[in-house]
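Some notes on the structure that comes next.
The values are calculated or read from the model by the stated rules, or taken from the named source; none is laboratory data. It should be emphasised that the depicted structure is a prediction, and the values quoted were computed from it without experimental measurement. Using ideal geometry, Cβ is built from the backbone for each residue, glycine included, and neighbour counts are taken over all protein chains shown.
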Amino acid sequence: MTGYLERVRFLAGHFERLRGLQSAAVGLVLLTLAALQPVIDRLGSLERRLPLVLPIVFVFLGLQLLTRRLYERRFGSFVPHREPGAKATAAIRGGAIFIWLFAAALIDHRLEHDLGWSHPILTGLTGGAWGVLVSAHAPERRHYLWLAVGVIAASLFPWPKDSQFLFLQLMLGAVSLVGGVLDHLTLVRLTRRVAEEGRGEAL
Amino acid sequence: MAKLFEGLADLDRTVHEPARLAILTALSAFESTDFLSLQKLTGLTPGNLSVHLTKLEEAGLVGIEKAFAGRKPRTSVRLKPAGRAAIEAYWRRMESLRKQAVRWGNGPTKA
């Protein structure tokens, strides 16, 4: 009973975050934009870039809508319980992480120009620390620990000149895509498991 | 030791039943949820879930609203304040009983 209840508790507490196909869509768009970056740069002006970027934005919005519908049909809908002020705290925390990530990329950029240091280590360490925190909070999401190791390892390699923001984009894209798909698989695996256990519990 | 068994005997039977405990535990993470979500979270069959929800509603622990979203019927379930208090008290009590059991188990070996 304890294992079953622990799984129910974990699933309920992480039900929103485990809907990983939504963040996988974000990752897919970020990686597509990173791959197209040389073409986007060559196009020059904003008017010439828009016909390429706008369809990607529409595909992203379409994917978000599609995945939301898919989750509602397969896993139902809900309104999460939040303590007063929790939403604001989460928004501030999320904003602070993003600001720090950009600051880290900027510092890495400065280090390259001033010291010739071509490893985006600060960005990689920040991304890695976030991954470690996520996996420490939820043992069922330990795939973020492996992603953190991958990100830190990638940041130890020398990268081409001025590629700190490309590294940031690739890191966020890859972590969102792979982590999101693995979150989704965790959701499917756990709901299957509690379904097997739940039938036994409810006699 | 007697305290430990008294504590176990005093547990609220409505909450302590495994399926209802799973439902209340799952509901405690949400303001409200639909029937499908609750079914996915607890793994209970629709029939069992329905029976236990009715019992919890009769005990005044959950609120159930039935409405239509277009042509589809939609059942929305939420924990009432009494239900939230009951499940939180239950988990606190279980934690305290667990600690007592650990102390009881460690007692003779320490002495």
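Worth pointing out:
- If you go through segment A:1-50 and keep only what is hydrophobic (A, V, I, L, M, F, W, C), closer than 16 Å to A:Arg68 by Cβ and within 12 Å of chain B (Cβ to nearest Cβ), you end up with A:Phe15, A:Leu18.
- Some residue of segment A:52-75 being touching a helix residue (DSSP H, G or I) at 6+ places or on another chain (Cβ under 9 Å) and modelled with pLDDT under 90: yes
- Residue within segment A:93-113 that is within 14 Å of chain B (Cβ to nearest Cβ), of a type in the set (Lys, Arg), under 30 Å from A:Val188 (Cβ atoms) and in a helix (DSSP H, G or I) present: no
- The lone criterion from (1) modelled with pLDDT under 85; (2) closer than 16 Å to A:Phe78 by Cα left unmet by B:Arg74 is number (1).
Conditions (1) among the β-branched types (Val, Ile, Thr); (2) modelled with pLDDT of 90 or more; (3) closer than 24 Å to A:Glu6 by Cβ, marked per residue:
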{"residue": "A:Ser135", "(1), (2), (3)": "no, no, yes"}
{"residue": "A:Glu140", "(1), (2), (3)": "no, no, yes"}
{"residue": "A:Val149", "(1), (2), (3)": "yes, yes, no"}
{"residue": "A:Phe167", "(1), (2), (3)": "no, yes, no"}
{"residue": "A:Gly173", "(1), (2), (3)": "no, yes, no"}
{"residue": "A:Glu197", "(1), (2), (3)": "no, no, yes"}
{"residue": "A:Gly200", "(1), (2), (3)": "no, no, yes"}
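- If you filter segment B:29-59 down to residues that are hydroxyl-bearing (Ser, Thr, Tyr) and at the interface with chain A (Cβ under 7 Å from one of its Cβ atoms), you find that the one that is surrounded by the most Cβ atoms within 10 Å (Cβ to Cβ) is B:Thr42.
- Check on B:Lys72, among the basic types (Lys, Arg), within 12 Å of chain A (Cβ to nearest Cβ), over 13 Å from the mean Cα position of the chain (by Cα) and over 20 Å from A:Arg7 (Cβ atoms): yes
- Any hit, segment A:77-85, residues being part of a helix (DSSP H, G or I) and either out of contact with any Lys or Arg (no Cβ under 9 Å at 6 or more places or on another chain) or away from chain B (no Cβ under 14 Å) (or both): no
- Of everything in segment A:137-170 that is touching a residue at least 24 places away in the same chain (Cβ under 8 Å) and not in a helix (DSSP H, G or I), the residue that is surrounded by the fewest Cβ atoms within 10 Å (Cβ to Cβ) is A:Pro160.
- For segment A:32-60, a residue qualifies if it is closer than 14 Å to A:Leu166 by Cα and either among the hydroxyl-bearing types (Ser, Thr, Tyr) or assigned to a loop (DSSP other than H, G, I, E, B) (or both), and exactly one does: A:Thr32.
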